[in-house]
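Here's the structure we're looking at; comments come further down.
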Amino acid sequence: MSDQSFLGQVHRAFDAAATFTNHPQALLNQIKECNAVYRVTFPILRDDGTIKTIVGWRAEHSHHKLPTKGGIRYAINVNEDEVMALASLMTYKCAVVDVPFGGAKGGIKINRKDFSEHELERITRRYTFELWKKNFIGPGVDVPAPDYGTSSKEMAWIADTYAQLAVGDLNALACVTAKPIAQGGIRGRTEATGRGIYFGIREACDNAQDMKAIGLTRGLEGKRCIVQGLGNVGYHAAKFIVEGGGVLVAVAEYDGALHNEKGLDLDAVMAYRKDTGGLKGFPGATYLVESRAALELPCDILVPAALEGQITAANAPRIQAKLVAEGANGPTTFEADGILHQRGVMVLADMFLNAGGVTVSYFEWLKNLSHVRFGRMEKRFEETAFTNVLRAMEDLTGKTLGEERMSKLSHGADEADLVNPGLEDTMISAWHQVRETWTRHDRKMDIRTAAFISAINKVAVSYQDLGIFP
Ligand code: NAD
(Lines give C-alpha, C1' and ligand atoms only; values in the text may rest on other atoms or scores of the structure.)
Protein backbone atom coordinates (compact mmCIF):
# COMPACT_ATOMS: atom_id res chain seq x y z
CA MET A 1 0.00 0.00 0.00
CA SER A 2 1.46 3.38 -0.99
CA ASP A 3 0.78 6.70 0.71
CA GLN A 4 -1.04 7.76 -2.43
CA SER A 5 -3.41 4.77 -2.59
CA PHE A 6 -6.95 5.34 -1.31
CA LEU A 7 -6.26 3.29 1.83
CA GLY A 8 -2.97 5.15 2.26
CA GLN A 9 -4.87 8.43 2.15
CA VAL A 10 -7.36 7.24 4.76
CA HIS A 11 -4.49 6.08 7.00
CA ARG A 12 -2.72 9.42 6.67
CA ALA A 13 -5.89 11.27 7.65
CA PHE A 14 -6.35 8.84 10.58
CA ASP A 15 -2.74 9.36 11.75
CA ALA A 16 -3.09 13.14 11.55
CA ALA A 17 -6.21 12.98 13.74
CA ALA A 18 -4.68 10.43 16.14
CA THR A 19 -2.02 12.97 17.16
CA PHE A 20 -4.84 14.95 18.82
CA THR A 21 -5.79 11.95 21.01
CA ASN A 22 -4.04 10.30 23.98
CA HIS A 23 -4.68 6.67 23.06
CA PRO A 24 -1.83 4.15 23.18
CA GLN A 25 -0.37 3.26 19.78
CA ALA A 26 -1.49 -0.38 20.08
CA LEU A 27 -5.10 0.72 20.43
CA LEU A 28 -4.78 3.16 17.53
CA ASN A 29 -3.31 0.36 15.37
CA GLN A 30 -6.18 -1.94 16.29
CA ILE A 31 -8.72 0.73 15.33
CA LYS A 32 -6.94 1.58 12.07
CA GLU A 33 -6.30 -1.87 10.60
CA CYS A 34 -8.81 -3.90 8.60
CA ASN A 35 -9.99 -6.94 10.60
CA ALA A 36 -10.82 -9.26 7.68
CA VAL A 37 -10.69 -9.23 3.89
CA TYR A 38 -12.22 -11.89 1.67
CA ARG A 39 -11.32 -12.05 -2.00
CA VAL A 40 -13.38 -14.27 -4.24
CA THR A 41 -13.40 -15.37 -7.86
CA PHE A 42 -16.15 -17.36 -9.54
CA PRO A 43 -17.33 -18.19 -13.05
CA ILE A 44 -20.64 -17.09 -14.52
CA LEU A 45 -22.35 -18.27 -17.64
CA ARG A 46 -22.96 -15.39 -20.04
CA ASP A 47 -26.07 -15.11 -22.20
CA ASP A 48 -24.02 -15.99 -25.30
CA GLY A 49 -22.87 -19.28 -23.74
CA THR A 50 -19.32 -18.15 -22.88
CA ILE A 51 -17.92 -18.22 -19.35
CA LYS A 52 -16.58 -15.14 -17.56
CA THR A 53 -14.50 -15.18 -14.39
CA ILE A 54 -15.64 -12.55 -11.92
CA VAL A 55 -13.53 -11.15 -9.10
CA GLY A 56 -14.91 -9.49 -5.96
CA TRP A 57 -14.07 -8.55 -2.37
CA ARG A 58 -15.69 -7.98 0.98
CA ALA A 59 -13.69 -6.18 3.66
CA GLU A 60 -14.81 -6.02 7.29
CA HIS A 61 -12.81 -3.22 8.81
CA SER A 62 -13.89 -3.32 12.42
CA HIS A 63 -15.62 -5.91 14.58
CA HIS A 64 -15.79 -3.64 17.62
CA LYS A 65 -19.53 -3.61 16.98
CA LEU A 66 -21.55 -6.20 15.10
CA PRO A 67 -22.89 -6.55 12.53
CA THR A 68 -20.50 -4.79 10.21
CA LYS A 69 -22.15 -2.63 7.57
CA GLY A 70 -21.28 -1.11 4.22
CA GLY A 71 -22.25 -0.96 0.57
CA ILE A 72 -21.37 -3.14 -2.39
CA ARG A 73 -19.86 -1.40 -5.39
CA TYR A 74 -19.95 -2.60 -9.00
CA ALA A 75 -17.18 -0.81 -10.90
CA ILE A 76 -14.36 -1.83 -13.20
CA ASN A 77 -11.71 -0.08 -11.12
CA VAL A 78 -12.68 -1.76 -7.82
CA ASN A 79 -9.67 -3.28 -6.07
CA GLU A 80 -8.72 -4.57 -2.64
CA ASP A 81 -7.13 -1.30 -1.54
CA GLU A 82 -10.27 0.65 -2.43
CA VAL A 83 -12.61 -1.79 -0.68
CA MET A 84 -10.47 -1.70 2.48
CA ALA A 85 -10.35 2.11 2.40
CA LEU A 86 -14.12 2.34 2.00
CA ALA A 87 -14.67 -0.24 4.77
CA SER A 88 -12.48 1.87 7.09
CA LEU A 89 -14.47 5.00 6.30
CA MET A 90 -17.66 3.09 7.16
CA THR A 91 -16.39 2.36 10.68
CA TYR A 92 -15.69 6.04 11.33
CA LYS A 93 -18.91 7.12 9.63
CA CYS A 94 -21.04 4.81 11.82
CA ALA A 95 -19.25 6.12 14.91
CA VAL A 96 -19.81 9.76 13.91
CA VAL A 97 -23.58 9.28 13.58
CA ASP A 98 -23.86 6.87 16.54
CA VAL A 99 -25.00 3.92 14.46
CA PRO A 100 -23.92 0.77 16.34
CA PHE A 101 -22.16 -1.07 13.50
CA GLY A 102 -18.58 -1.79 12.51
CA GLY A 103 -17.52 -0.78 8.99
CA ALA A 104 -17.44 -3.02 5.91
CA LYS A 105 -17.48 -2.67 2.13
CA GLY A 106 -17.78 -4.96 -0.86
CA GLY A 107 -16.94 -4.64 -4.50
CA ILE A 108 -17.23 -6.58 -7.75
CA LYS A 109 -14.86 -5.68 -10.53
CA ILE A 110 -17.28 -5.23 -13.42
CA ASN A 111 -18.66 -2.45 -15.54
CA ARG A 112 -22.36 -3.15 -15.12
CA LYS A 113 -23.09 -1.69 -18.57
CA ASP A 114 -21.23 -4.69 -20.08
CA PHE A 115 -23.72 -7.19 -18.62
CA SER A 116 -27.38 -7.99 -19.20
CA GLU A 117 -29.89 -7.92 -16.37
CA HIS A 118 -29.89 -11.74 -16.17
CA GLU A 119 -26.09 -11.81 -16.01
CA LEU A 120 -26.07 -9.19 -13.25
CA GLU A 121 -28.56 -11.28 -11.32
CA ARG A 122 -26.38 -14.39 -11.66
CA ILE A 123 -23.31 -12.42 -10.55
CA THR A 124 -25.11 -10.93 -7.55
CA ARG A 125 -26.62 -14.21 -6.41
CA ARG A 126 -23.33 -16.08 -6.75
CA TYR A 127 -21.44 -13.34 -4.88
CA THR A 128 -24.03 -13.60 -2.08
CA PHE A 129 -23.55 -17.37 -1.97
CA GLU A 130 -19.77 -16.89 -1.69
CA LEU A 131 -20.23 -14.40 1.17
CA TRP A 132 -22.61 -16.79 2.94
CA LYS A 133 -20.20 -19.73 2.52
CA LYS A 134 -17.53 -17.87 4.50
CA ASN A 135 -19.93 -16.25 7.00
CA PHE A 136 -19.43 -12.79 5.51
CA ILE A 137 -23.14 -11.98 5.41
CA GLY A 138 -26.00 -12.21 7.92
CA PRO A 139 -28.21 -10.00 10.11
CA GLY A 140 -25.78 -10.23 13.03
CA VAL A 141 -22.60 -10.64 10.98
CA ASP A 142 -22.27 -8.29 8.03
CA VAL A 143 -25.09 -6.39 6.33
CA PRO A 144 -24.47 -4.94 2.82
CA ALA A 145 -26.27 -2.03 1.12
CA PRO A 146 -25.99 -0.32 -2.27
CA ASP A 147 -23.04 1.78 -3.37
CA TYR A 148 -21.68 2.99 -6.70
CA GLY A 149 -23.24 0.90 -9.50
CA THR A 150 -25.81 -0.93 -7.36
CA SER A 151 -29.35 -0.20 -6.19
CA SER A 152 -32.35 -1.77 -4.44
CA LYS A 153 -32.63 -4.30 -7.28
CA GLU A 154 -29.32 -5.98 -6.38
CA MET A 155 -30.28 -5.80 -2.69
CA ALA A 156 -33.50 -7.70 -3.49
CA TRP A 157 -31.47 -10.47 -5.18
CA ILE A 158 -29.10 -10.60 -2.19
CA ALA A 159 -31.97 -10.84 0.31
CA ASP A 160 -33.70 -13.56 -1.70
CA THR A 161 -30.51 -15.61 -2.11
CA TYR A 162 -29.64 -15.32 1.57
CA ALA A 163 -33.16 -16.28 2.62
CA GLN A 164 -32.92 -19.49 0.51
CA LEU A 165 -29.64 -20.41 2.20
CA ALA A 166 -30.38 -19.43 5.80
CA VAL A 167 -33.32 -21.79 6.11
CA GLY A 168 -35.52 -20.98 9.09
CA ASP A 169 -33.74 -17.73 9.95
CA LEU A 170 -36.64 -15.53 11.00
CA ASN A 171 -34.43 -12.44 10.62
CA ALA A 172 -33.11 -13.31 7.17
CA LEU A 173 -34.39 -10.08 5.58
CA ALA A 174 -32.15 -8.07 7.90
CA CYS A 175 -29.10 -9.48 6.03
CA VAL A 176 -29.08 -6.50 3.65
CA THR A 177 -30.61 -3.00 3.58
CA ALA A 178 -32.04 -0.60 0.99
CA LYS A 179 -34.33 -3.38 -0.25
CA PRO A 180 -37.56 -2.64 -2.12
CA ILE A 181 -40.40 -1.82 0.29
CA ALA A 182 -42.28 -5.05 -0.46
CA GLN A 183 -39.21 -7.04 0.52
CA GLY A 184 -38.74 -5.41 3.92
CA GLY A 185 -37.28 -2.11 2.77
CA ILE A 186 -38.04 1.17 4.50
CA ARG A 187 -39.58 4.36 3.14
CA GLY A 188 -36.98 7.07 2.63
CA ARG A 189 -33.91 4.84 2.19
CA THR A 190 -33.40 5.45 -1.54
CA GLU A 191 -33.05 9.19 -1.09
CA ALA A 192 -31.53 9.04 2.43
CA THR A 193 -27.91 9.81 1.56
CA GLY A 194 -28.85 12.83 -0.56
CA ARG A 195 -31.36 14.04 2.00
CA GLY A 196 -28.76 13.67 4.77
CA ILE A 197 -26.27 15.68 2.69
CA TYR A 198 -28.83 18.45 2.43
CA PHE A 199 -29.50 18.41 6.19
CA GLY A 200 -25.75 18.53 6.87
CA ILE A 201 -25.12 21.44 4.49
CA ARG A 202 -28.16 23.32 5.77
CA GLU A 203 -27.03 22.95 9.37
CA ALA A 204 -23.45 24.01 8.61
CA CYS A 205 -24.71 27.04 6.65
CA ASP A 206 -26.95 28.03 9.53
CA ASN A 207 -24.05 29.32 11.66
CA ALA A 208 -23.40 32.96 10.73
CA GLN A 209 -19.96 33.00 12.35
CA ASP A 210 -18.75 29.87 10.49
CA MET A 211 -20.12 31.20 7.22
CA LYS A 212 -18.53 34.61 7.69
CA ALA A 213 -15.16 32.91 8.24
CA ILE A 214 -15.35 31.43 4.73
CA GLY A 215 -16.82 34.53 3.10
CA LEU A 216 -20.44 33.42 2.90
CA THR A 217 -23.64 34.69 4.41
CA ARG A 218 -25.81 32.58 6.70
CA GLY A 219 -28.32 30.13 5.19
CA LEU A 220 -28.59 28.00 2.07
CA GLU A 221 -31.01 30.33 0.28
CA GLY A 222 -29.55 31.56 -3.02
CA LYS A 223 -26.22 29.74 -2.66
CA ARG A 224 -24.77 28.62 -6.00
CA CYS A 225 -24.13 24.87 -6.02
CA ILE A 226 -22.32 22.47 -8.34
CA VAL A 227 -22.96 18.73 -8.17
CA GLN A 228 -20.67 16.09 -9.68
CA GLY A 229 -22.40 12.76 -10.36
CA LEU A 230 -26.14 12.45 -11.00
CA GLY A 231 -26.58 8.97 -9.55
CA ASN A 232 -28.41 8.10 -6.37
CA VAL A 233 -26.38 10.38 -4.10
CA GLY A 234 -25.79 13.30 -6.48
CA TYR A 235 -29.32 13.47 -7.87
CA HIS A 236 -31.01 13.40 -4.47
CA ALA A 237 -28.51 15.82 -2.92
CA ALA A 238 -29.14 18.25 -5.80
CA LYS A 239 -32.92 17.80 -5.52
CA PHE A 240 -33.06 18.57 -1.78
CA ILE A 241 -30.55 21.44 -2.06
CA VAL A 242 -32.70 23.10 -4.73
CA GLU A 243 -35.87 22.49 -2.69
CA GLY A 244 -34.04 24.08 0.25
CA GLY A 245 -33.33 27.27 -1.69
CA GLY A 246 -29.95 26.55 -3.31
CA VAL A 247 -29.33 27.30 -7.00
CA LEU A 248 -27.91 24.47 -9.10
CA VAL A 249 -25.49 26.27 -11.44
CA ALA A 250 -23.66 23.21 -12.82
CA VAL A 251 -23.81 19.42 -12.96
CA ALA A 252 -21.02 17.10 -14.06
CA GLU A 253 -21.36 13.55 -15.35
CA TYR A 254 -18.76 11.18 -16.85
CA ASP A 255 -19.65 12.34 -20.39
CA GLY A 256 -19.44 16.10 -19.78
CA ALA A 257 -20.94 18.92 -17.75
CA LEU A 258 -23.66 21.58 -17.96
CA HIS A 259 -23.36 25.15 -16.72
CA ASN A 260 -25.91 27.92 -16.34
CA GLU A 261 -25.21 30.69 -13.85
CA LYS A 262 -28.93 31.39 -13.49
CA GLY A 263 -29.64 27.80 -12.48
CA LEU A 264 -30.45 24.48 -14.12
CA ASP A 265 -33.79 22.69 -14.03
CA LEU A 266 -32.70 19.39 -12.46
CA ASP A 267 -35.71 17.36 -13.54
CA ALA A 268 -35.38 18.64 -17.12
CA VAL A 269 -31.69 17.64 -17.10
CA MET A 270 -32.53 14.16 -15.79
CA ALA A 271 -35.29 13.69 -18.37
CA TYR A 272 -32.98 14.87 -21.18
CA ARG A 273 -30.25 12.50 -20.03
CA LYS A 274 -32.71 9.62 -19.94
CA ASP A 275 -33.96 10.37 -23.45
CA THR A 276 -30.62 11.05 -25.14
CA GLY A 277 -28.22 9.02 -22.98
CA GLY A 278 -26.07 12.09 -22.16
CA LEU A 279 -25.87 15.77 -21.29
CA LYS A 280 -24.62 17.12 -24.63
CA GLY A 281 -27.10 19.38 -26.41
CA PHE A 282 -29.24 20.18 -23.36
CA PRO A 283 -30.95 23.47 -24.24
CA GLY A 284 -30.32 26.58 -22.15
CA ALA A 285 -26.94 25.61 -20.73
CA THR A 286 -23.30 25.62 -21.75
CA TYR A 287 -21.93 22.13 -22.36
CA LEU A 288 -18.39 21.35 -21.18
CA VAL A 289 -16.73 18.34 -22.80
CA GLU A 290 -14.13 18.23 -20.03
CA SER A 291 -16.38 17.20 -17.15
CA ARG A 292 -13.86 17.82 -14.37
CA ALA A 293 -13.53 21.47 -15.40
CA ALA A 294 -16.97 21.97 -13.83
CA LEU A 295 -15.43 21.51 -10.38
CA GLU A 296 -13.49 24.74 -10.92
CA LEU A 297 -16.42 26.94 -11.96
CA PRO A 298 -17.51 29.85 -9.73
CA CYS A 299 -19.90 28.69 -7.00
CA ASP A 300 -20.45 28.74 -3.24
CA ILE A 301 -20.92 25.02 -2.59
CA LEU A 302 -19.34 22.13 -4.49
CA VAL A 303 -20.81 18.64 -3.99
CA PRO A 304 -18.59 15.90 -5.43
CA ALA A 305 -20.95 12.90 -5.46
CA ALA A 306 -19.44 10.50 -8.01
CA LEU A 307 -16.20 8.81 -6.99
CA GLU A 308 -13.04 9.17 -4.93
CA GLY A 309 -9.96 11.17 -5.90
CA GLN A 310 -11.71 13.98 -7.79
CA ILE A 311 -10.17 16.96 -5.96
CA THR A 312 -6.41 16.55 -6.00
CA ALA A 313 -3.31 18.68 -5.46
CA ALA A 314 -3.58 19.54 -9.17
CA ASN A 315 -7.03 21.15 -9.16
CA ALA A 316 -7.47 22.12 -5.46
CA PRO A 317 -5.76 25.53 -5.94
CA ARG A 318 -8.35 26.37 -8.63
CA ILE A 319 -11.50 25.29 -6.76
CA GLN A 320 -13.61 28.43 -6.33
CA ALA A 321 -16.21 27.00 -3.93
CA LYS A 322 -16.08 28.22 -0.33
CA LEU A 323 -17.68 25.02 0.92
CA VAL A 324 -16.92 21.52 -0.39
CA ALA A 325 -19.64 19.08 0.66
CA GLU A 326 -18.44 15.50 0.17
CA GLY A 327 -21.29 13.37 -1.13
CA ALA A 328 -18.96 10.69 -2.47
CA ASN A 329 -16.56 8.71 -0.33
CA GLY A 330 -13.00 10.04 -0.47
CA PRO A 331 -13.46 12.64 -3.27
CA THR A 332 -10.69 14.85 -1.82
CA THR A 333 -7.12 13.53 -1.57
CA PHE A 334 -5.02 14.08 1.54
CA GLU A 335 -2.86 16.70 -0.22
CA ALA A 336 -5.89 18.49 -1.67
CA ASP A 337 -7.42 18.62 1.81
CA GLY A 338 -4.36 20.49 3.07
CA ILE A 339 -4.49 22.94 0.17
CA LEU A 340 -8.20 23.66 0.64
CA HIS A 341 -7.71 24.12 4.38
CA GLN A 342 -4.86 26.58 3.76
CA ARG A 343 -7.06 28.48 1.30
CA GLY A 344 -9.81 28.78 3.91
CA VAL A 345 -12.24 26.44 2.13
CA MET A 346 -14.47 24.47 4.49
CA VAL A 347 -14.74 20.75 3.66
CA LEU A 348 -17.73 18.91 5.11
CA ALA A 349 -16.13 15.48 5.27
CA ASP A 350 -17.68 12.35 3.76
CA MET A 351 -17.65 10.43 7.02
CA PHE A 352 -20.12 12.91 8.45
CA LEU A 353 -21.92 14.30 5.44
CA ASN A 354 -22.88 11.16 3.53
CA ALA A 355 -23.85 9.13 6.60
CA GLY A 356 -27.57 9.50 5.90
CA GLY A 357 -27.65 6.24 3.94
CA VAL A 358 -26.24 4.11 6.72
CA THR A 359 -28.44 5.90 9.26
CA VAL A 360 -31.65 4.97 7.46
CA SER A 361 -30.20 1.51 6.75
CA TYR A 362 -29.91 1.15 10.52
CA PHE A 363 -33.61 2.04 10.82
CA GLU A 364 -34.42 -0.57 8.16
CA TRP A 365 -32.39 -3.22 9.99
CA LEU A 366 -34.27 -2.40 13.22
CA LYS A 367 -37.57 -2.65 11.34
CA ASN A 368 -36.61 -6.07 9.94
CA LEU A 369 -35.59 -7.38 13.36
CA SER A 370 -38.80 -6.11 14.98
CA HIS A 371 -40.93 -7.43 12.11
CA VAL A 372 -43.23 -4.43 12.28
CA ARG A 373 -43.44 -1.24 10.26
CA PHE A 374 -42.57 1.94 12.18
CA GLY A 375 -45.75 3.71 13.23
CA ARG A 376 -48.02 0.70 12.69
CA MET A 377 -48.89 0.28 16.37
CA GLU A 378 -49.15 3.96 17.33
CA LYS A 379 -50.63 5.72 14.31
CA ARG A 380 -54.32 5.26 15.08
CA PHE A 381 -53.89 5.83 18.81
CA GLU A 382 -52.04 9.10 18.12
CA GLU A 383 -54.71 10.26 15.69
CA THR A 384 -57.48 9.61 18.22
CA ALA A 385 -55.54 11.29 21.03
CA PHE A 386 -54.68 14.38 18.93
CA THR A 387 -58.30 14.63 17.72
CA ASN A 388 -59.60 14.46 21.30
CA VAL A 389 -57.22 17.22 22.44
CA LEU A 390 -58.15 19.43 19.48
CA ARG A 391 -61.89 18.85 19.99
CA ALA A 392 -61.47 19.77 23.69
CA MET A 393 -59.72 22.98 22.59
CA GLU A 394 -62.59 23.76 20.23
CA ASP A 395 -65.05 23.24 23.08
CA LEU A 396 -63.07 25.50 25.41
CA THR A 397 -62.55 28.30 22.88
CA GLY A 398 -65.84 28.01 21.05
CA LYS A 399 -63.93 28.09 17.76
CA THR A 400 -63.68 25.34 15.14
CA LEU A 401 -60.58 24.31 13.20
CA GLY A 402 -62.36 23.02 10.12
CA GLU A 403 -62.02 19.47 8.79
CA GLU A 404 -58.92 20.06 6.64
CA ARG A 405 -56.88 21.64 9.45
CA MET A 406 -58.20 19.13 11.94
CA SER A 407 -57.12 16.15 9.85
CA LYS A 408 -53.70 17.71 9.19
CA LEU A 409 -53.05 18.45 12.86
CA SER A 410 -54.36 15.14 14.13
CA HIS A 411 -52.34 13.04 11.67
CA GLY A 412 -50.61 10.10 13.41
CA ALA A 413 -47.01 9.28 12.47
CA ASP A 414 -46.43 6.67 9.78
CA GLU A 415 -43.09 5.28 8.62
CA ALA A 416 -41.91 8.21 6.49
CA ASP A 417 -43.03 10.68 9.18
CA LEU A 418 -40.63 8.97 11.58
CA VAL A 419 -37.73 8.04 9.29
CA ASN A 420 -37.08 11.47 7.77
CA PRO A 421 -37.04 13.44 11.05
CA GLY A 422 -34.97 10.60 12.58
CA LEU A 423 -32.43 11.18 9.83
CA GLU A 424 -32.65 14.97 10.22
CA ASP A 425 -32.03 14.75 13.95
CA THR A 426 -29.09 12.36 13.43
CA MET A 427 -27.40 14.66 10.92
CA ILE A 428 -27.93 17.75 13.05
CA SER A 429 -26.58 16.21 16.24
CA ALA A 430 -23.65 14.58 14.39
CA TRP A 431 -22.72 17.98 12.92
CA HIS A 432 -22.81 19.62 16.35
CA GLN A 433 -20.65 16.85 17.84
CA VAL A 434 -18.07 17.25 15.07
CA ARG A 435 -18.24 21.03 15.28
CA GLU A 436 -17.77 20.89 19.05
CA THR A 437 -14.54 18.88 18.57
CA TRP A 438 -13.46 21.34 15.88
CA THR A 439 -14.04 24.44 18.02
CA ARG A 440 -12.55 22.78 21.13
CA HIS A 441 -9.31 22.60 19.15
CA ASP A 442 -9.65 26.27 18.18
CA ARG A 443 -10.50 25.32 14.57
CA LYS A 444 -6.81 24.66 13.95
CA MET A 445 -7.61 21.51 12.03
CA ASP A 446 -10.02 20.81 9.19
CA ILE A 447 -13.48 19.33 9.73
CA ARG A 448 -12.32 15.88 8.52
CA THR A 449 -9.71 15.72 11.25
CA ALA A 450 -12.31 16.78 13.82
CA ALA A 451 -14.69 14.06 12.59
CA PHE A 452 -11.87 11.49 12.73
CA ILE A 453 -11.01 12.49 16.33
CA SER A 454 -14.64 12.15 17.35
CA ALA A 455 -14.89 8.73 15.65
CA ILE A 456 -11.57 7.42 17.02
CA ASN A 457 -12.59 8.37 20.56
CA LYS A 458 -15.92 6.57 20.23
CA VAL A 459 -14.39 3.37 18.79
CA ALA A 460 -11.66 3.50 21.46
CA VAL A 461 -14.30 3.40 24.20
CA SER A 462 -15.65 0.10 22.81
CA TYR A 463 -12.21 -1.50 22.97
CA GLN A 464 -11.46 -0.02 26.40
CA ASP A 465 -14.77 -1.38 27.71
CA LEU A 466 -13.59 -4.86 26.71
CA GLY A 467 -10.68 -4.45 29.08
CA ILE A 468 -8.09 -5.35 26.42
CA PHE A 469 -6.60 -1.88 26.12
CA PRO A 470 -5.90 0.65 28.86
P1 NAD B 1 -24.42 5.70 -8.53
O2 NAD B 1 -23.86 4.58 -9.29
O3 NAD B 1 -25.88 5.74 -8.26
O4 NAD B 1 -24.04 7.11 -9.20
C5 NAD B 1 -22.75 7.51 -9.55
C6 NAD B 1 -22.88 8.55 -10.66
O7 NAD B 1 -21.59 9.13 -10.91
C8 NAD B 1 -23.37 7.94 -11.98
O9 NAD B 1 -24.41 8.73 -12.50
C10 NAD B 1 -22.12 7.97 -12.85
O11 NAD B 1 -22.41 8.09 -14.23
C12 NAD B 1 -21.42 9.21 -12.32
N13 NAD B 1 -20.00 9.27 -12.65
C14 NAD B 1 -19.14 8.25 -12.81
N15 NAD B 1 -17.90 8.71 -13.12
C16 NAD B 1 -18.00 10.05 -13.15
C17 NAD B 1 -17.08 11.10 -13.42
N18 NAD B 1 -15.81 10.84 -13.70
N19 NAD B 1 -17.53 12.40 -13.39
C20 NAD B 1 -18.82 12.67 -13.10
N21 NAD B 1 -19.75 11.71 -12.84
C22 NAD B 1 -19.35 10.42 -12.86
O23 NAD B 1 -23.58 5.73 -7.15
P24 NAD B 1 -23.98 6.41 -5.78
O25 NAD B 1 -24.65 5.38 -4.93
O26 NAD B 1 -24.66 7.70 -6.04
O27 NAD B 1 -22.54 6.66 -5.14
C28 NAD B 1 -21.76 7.80 -5.47
C29 NAD B 1 -20.73 8.02 -4.38
O30 NAD B 1 -21.39 8.19 -3.12
C31 NAD B 1 -19.74 6.89 -4.16
O32 NAD B 1 -18.50 7.44 -3.75
C33 NAD B 1 -20.34 6.12 -3.01
O34 NAD B 1 -19.37 5.37 -2.30
C35 NAD B 1 -20.88 7.25 -2.18
N36 NAD B 1 -21.95 6.88 -1.24
C37 NAD B 1 -23.08 6.25 -1.65
C38 NAD B 1 -24.10 5.98 -0.72
C39 NAD B 1 -25.42 5.37 -1.11
O40 NAD B 1 -26.31 5.28 -0.24
N41 NAD B 1 -25.63 4.97 -2.36
C42 NAD B 1 -23.91 6.31 0.63
C43 NAD B 1 -22.74 6.97 1.01
C44 NAD B 1 -21.78 7.26 0.07
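The values are calculated or read from the model by the stated rules, or taken from the named source; none is laboratory data. Keep in mind that what you see is a predicted model, and the values were worked out from it rather than measured. Cβ sites come from the backbone with ideal geometry, for glycine too, and all protein chains shown count toward neighbours. Accessible surface is based on the protein model in full, side chains and every heavy atom, while ligands, DNA and RNA are left aside. Shrake-Rupley method; radii C 1.70, N 1.55, O 1.52, S 1.80 Å.
Between residue 440 and residue 41, the modelled labels are 4.8 nm apart [label points 7 Å from Cα along Cα→Cβ]. Probing with 1.4 Å while keeping every protein chain in the model, the per residue accessible area of segment 215-344 equals 41 Å². Rolling a 1.4 Å probe over the protein chains gives residue 157 an accessible area of about 30 Å².
My understanding is that a pair violates if its Cα-Cα distance is over 18 Å; which of 133/179; 52/109; 93/133; 113/153; 69/109; 65/153 do that in this structure? It would help to have the intermediate numbers written out before the result.
Details: 133/179 22 Å; 52/109 12 Å; 93/133 28 Å; 113/153 15 Å; 69/109 20 Å; 65/153 28 Å.
Distance filter (> 18 Å) returns 133/179; 93/133; 69/109; 65/153.
Scoring 241-251, 224-234 by mean Cβ neighbours within 10 Å over their residues and listing the highest first yields 224-234, 241-251.
The sum of -39500 (n - 2.57) across all DSSP H runs of n ≥ 4, divided by the residue count of the chain, sets its helix-only mean residue ellipticity at 222 nm to -14500 deg cm²/dmol. Determine which aspartates and glutamates satisfy two conditions relative to residue 408: a Cα distance under 18 Å, and not lying fewer than 8 residues away in the same chain. Cross-link targets: 378, 382, 383, 394, 417. Both numbers refer to the Cα atoms of segment 200-321; Rg and Dmax are 14.0, 45 Å.
What is the extension gain from residue 425 to residue 4, computed as 0.36 nm multiplied by their sequence separation minus the C-alpha to C-alpha distance, in nm to one decimal?
Length gained between residue 425 and residue 4: 148.0 nm.
Solvent-accessible area assigned to carbon and sulfur over segment 245-357 amounts to 53 percent, based on a 1.4 Å probe. Scale the Cα Rg of the chain by the rule-of-thumb value 2.2 N^0.38 Å and send over the ratio, two decimals. In units of the 2.2 N^0.38 Å rule of thumb, it is 1.01. Annotation: for a label point projected 7 angstrom from Cα along Cα→Cβ of residue 406, residues of segment 372-389 with backbone N closer than 11 Å are 387-388.
Once the 1.4 Å probe is applied to the protein heavy atoms, segment 378-470 comes out at 58 Å² accessible per residue.
Surface composition of segment 359-470: carbon and sulfur make up 57 percent of the accessible area, probe 1.4 Å.
Taking the accessible area of segment 96-189, probe 1.4 Å, and keeping the other protein chains in place, the carbon and sulfur fraction comes to 53%. Ranked by the mean number of other Cβ atoms within 10 Å per residue, highest first, peptides 293-304, 442-453, 42-53 order as 293-304, 442-453, 42-53.
Rolling a 1.4 Å probe across the protein heavy atoms gives segment 1-92 an accessible surface of 40 Å² per residue.
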